[in-house]
């Protein structure tokens, strides 16, 4: 049977064993395994890498533990604006949405942009109108509400600061973006990424997650990449595409290229976070320069790994 691989992340940052209760750690591990199940089941059936990454990301968006979909953080005006993207390495088709509200699964809307429109990215009200026309499921504000996220936002109101995901304490910053990359039985690869952005962000702020080449990239010739981190440096470094370039033009392996970008190029511009990737041969890697990254990998033949800390 041809090799197929799925790799996922649920965010990176200051994730320390000393700060984690046994119950919380178990909940995160269960959530990561559920996302791997959702995507890998499709790969086992012969479905496409695009379908697999979408299913894995939907699973993470539906879990309130992660800063995407249901668990999205609050912007400065008290709204929850979400970003997402998806890319097909077979034909370089891509779809993305930015600053959308009340969309239950932003990655589903990004997929609709890719498959049902002539565009790559839609944002804000226009993206919402497109969602309604295409019967993408919406949800009221209450669906996205979490007392935990709301308390974080209240702590930051009145300041000009924006915090990265779960905790407003800088010592415990996490980048709660979620993402997936996959290789299917047909030799095609894909990647998808989704996020609620930064707590107390300027409404309308867009990070790297929906930007093709920055937070997400897939090309059958090289790799599929999904990033998580402080979005601004990832945009400036064109991070996901840079991994592909190092592989295509310098002949680096997937892991070598990811290490150059994460541990050298990003670090030079104070870019903290990480990325996951898969190449066209089924090799996968999960690289980060922060204290931890919620991550998981599954490969045909029985390999299965879920991890949190360094």
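Here, each number is a calculation from the coordinates, and none is a lab measurement. Every value quoted in this text rests on a predicted model; they were computed, and no experiment measured them. Cβ: placed from backbone, ideal geometry, glycine included. Neighbour counts: every protein chain shown.
Quick notes
- If you sort the three axes of the alpha carbon gyration tensor as a ≥ b ≥ c, you get a/c of 1.5 or more for segment 37-99 and a/b no higher than b/c, which makes it oblate.
- Going by neighbour counts of Cβ atoms within 10 Å, the residues 66, 40 line up, fewest first, as 40, 66.
- Antiparallel content of DSSP bridges confined to the chain, in %, to 5: 95 percent
- For segment 6-45, the Cα-based Rg and Dmax, in that order, read 12.5, 40 Å.
- Residue order for 3, 276, 103, fewest other beta carbons within 10 angstrom first, comes to 3, 103, 276.
- Exposure proxy ranking for 265, 281, based on other Cβ atoms within 10 angstrom of each Cβ and starting from the fewest, stands as 281, 265.
- For the pair segment 227-256 and segment 176-194, the centres of their Cα atoms are 15 angstrom apart.
- If the chain linking residue 129 and residue 30 were pulled fully straight, counting 0.36 nm for each residue of separation and taking away their Cα-Cα distance, it would gain 32.2 nm.
- Taking only the C-alpha atoms of segment 5-309, Rg followed by Dmax gives 17.3, 53 Å.
- Using C-alpha pairs below 8 Å separated by at least 6 residues, the relative contact order for the chain is 26 percent.
- Cα point-scatterer Debye curve for segment 220-310, base-10 log of I(q)/I(0) at q = 0.22 Å⁻¹: -1.08
- Look at where the Cα atoms of segment 84-128 and of segment 281-310 average out, and the two centres are 26 Å apart.
- GNM flexibility winner over the chain from 63, 188, 134 (Cα, springs under 10 Å): 134
- When the P(r) is computed for segment 1-120, the part past 24 Å accounts for 34% of the Cα-Cα pairs.
- The Rg/Rh ratio of segment 254-304, with both radii computed over alpha carbons and Rh defined as the Kirkwood radius, is 1.03.
- Packing-based order for 8-18, 78-88, using average beta carbon neighbours within 10 Å, highest first: 78-88, 8-18
- Max mean-square fluctuation residue, GNM over the chain, Cα-Cα springs under 10 Å, options 135, 102, 67: 135
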